[in-house]
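The values are calculated or read from the model by the stated rules, or taken from the named source; none is laboratory data. Treat the numbers as computed from the prediction; the structure is a model and nothing was measured. No Cβ is skipped: glycine too gets one built from the backbone with ideal geometry, and neighbour counts run over all protein chains shown.
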Amino acid sequence: MVLQDMMNDEQWNARLAAIQNKERERTKRFMNAKQRSIGIDKDYLDRQIEEKRLIELEQKKEKLEDAENLKQLVRFLDCNEAAAQEAKQRSLDKIKQSLAEQVKQPRNNALGKDGPINLTDCGPSSLQYFSGEDRAHELRKKAQQEQVKMWCAEDMVAKKKALDAELRKEQEYANYVNEQDRIRYELEEIAQRRREEDSKQRQLENLEYARQARQRLENDMMADSEAQRLQSYYLQTCPLLTEDVRSPVSSVNTGHRIRPDHFKGFQKEQMKQLYEENDAAVRQKHELFAQEAENEANWARYNAELINKMQELEEAKQRMAVEENRVHREILARQKQELDNRKAEMERERVPGIGPEFFARFGRSCR
């Protein structure tokens with residue numbers, strides 16, 4: 001029973017530790033500004049209600065189990081006590097029967113049922129102490145039963161106190177969460193009003209900026225139009241751009257001398273000459289490009305022919321090397337055959353064979 005209570009205490013402590021860890025995780029999630037959500041966490045509240053319901057069912061189940069265990073303990077103690085009383089009654093009956101039989105005997109020296117021991121009236125056997133005899137058994141058994149009952153009562157009181165403390169903590173935490181949600185809702189409303197005011201202020205500022213931008217654009221367009229008009233008028237009325245191209249020619253000498261400060265452009269003959277010179281330069285450039293392209297093509301053909309010749313020479317060299325290797329292998333094979341024949345001949349000359357005439361010298365058969 002004590003071991004079962006210890007196991008129940010360990011389970012209760014483990015359950016309390018799990019609940020505390022879960023609450024710490026929830027508080028950590030609420031304090032994390034990147035993950036928390038504004039308002040009521042309905043899913044978590046539903047899970048919390050379901051967990052609370054399961055905890056209450058578990059507590060009821062444990063209470064029923066404790067009550068059943070207590071009833072079993074009481075029945076067990078009652079059965080043990082009844083069995084002890086019955087055994088004690090049987091022992092007393094046996095003692096009474098033995099004493100009655102001893103009294104009936106003529107030479108009986110047995111003592112009576114009560115009274116102090118008188119050594120003059122009884123023998124030395126009255127001083128014997130039988131093994132298994134325990135005079136304080138009933139007192140110790142009753143003390144143990146009282147102690148077990150006291151332990152059960154203390155355990156139930158401690159569990160009730162722990163349950164009350166846990167319920168009180170849950171209520172305090174629920175009040176704390178509600179207060180936190182209320183403050184968060186108020187802060188959210190203040191932040192929402194502030195965001196709306198900032199949005200309206202930014203909208204007014206954007207309208208003002210748009211009006212100023214339109215005004216600047218209109219002013220820039222008017223300034224550009226006026227500048228273009230003045231530039232067009234200047235180009236149409238400027239004397240430097242409207243004079244005759246023959247004006248830079250010096251009036252002193254009608255030949256090659258001109259006035260650079262009155263240059264107004266080339267004449268038609270000069271422009272034609274410039275165009276002809278440019279065309280000649282372009283044709284010369286194209287001819288040079290064609291010549292370079294032809295040189296590149298000739299060089300490419302020369303390189304291709306050179307590469308082909310080098311490849312042919314390399315192939316011929318490889319064929320010659322293959323032929324030389326084949327000839328060398330044949331020569332080596334012939335030399336090896338000759339060497340093998342020479343070794344065989346030397347072996348035959350070194351160890352001559354034994355013929356039939358060798359045994360004929362003894363005058364008897366070889367057997």
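The residue pairs whose first member lies in segment 330-346 and is basic (Lys, Arg), whose second member is part of a helix (DSSP H, G or I), and whose beta carbons are closer than 6 Å, counting only pairs six or more residues apart or on different chains, do not exist in this structure. Take Ala191 and decide whether it is part of a helix (DSSP H, G or I), among the small types (Gly, Ala, Ser) and modelled with pLDDT of 90 or more. Criteria not met by Ala191.
Among the residues making up segment 19-47, those that are modelled with pLDDT of 75 or more and exposed (fewer than 11 other Cβ atoms within 10 Å of the Cβ) are Asn21, Arg24, Glu25, Asp46.
Could you check, for segment 151-171, whether at least one of its residues is modelled with pLDDT of 85 or more, assigned to a helix (DSSP H, G or I) and of a type in the set (S, T, N, Q)? Yes, segment 151-171 contains a residue that is modelled with pLDDT of 85 or more, assigned to a helix (DSSP H, G or I) and of a type in the set (S, T, N, Q).
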